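Working notes, beginning with the structure itself.
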């Protein structure tokens, strides 16, 4: 029953993310939750999340969302469970650019 529930959850999340119904916080929270459970997003969900991140969700993330996303990807990676769809240079570079922009903004606010 647990496996069937997880499959249904992944399918629903993949549909929502693919349809553009995920905002940046939804993407971050979904990745965080799967990493916390130690369950990698399946191919369809991983591809949908990677596309969302690369096409603007990462750039629109607040610092907490960026850190949650980075933590989730690192957690999955260190466990050897990071899906290939999320381990692309485009996803990593997009997150890096978003983090650099966020840090620059935080420094400007501190001045």
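Some points to look at:
- Check on residue 16, buried (at least 17 other Cβ atoms within 10 Å of the Cβ) and either assigned to a helix (DSSP H, G or I) or in contact (Cβ under 8 Å) with a residue 12 or more places away in the chain (or both): no
- For the stretch 70-91, a tally of residues being surrounded by 12 or more Cβ atoms within 10 Å (Cβ to Cβ) and outside any loop (DSSP other than H, G, I, E, B) returns 12.
Every read-out reported here was derived from the displayed coordinates using simple, explicitly stated rules and does not represent laboratory data. Since the model is a prediction, treat every value here as computed from it, not as a measurement. All Cβ positions, even for glycine, are placed from backbone atoms using ideal geometry, and neighbour counts span all protein chains on display.
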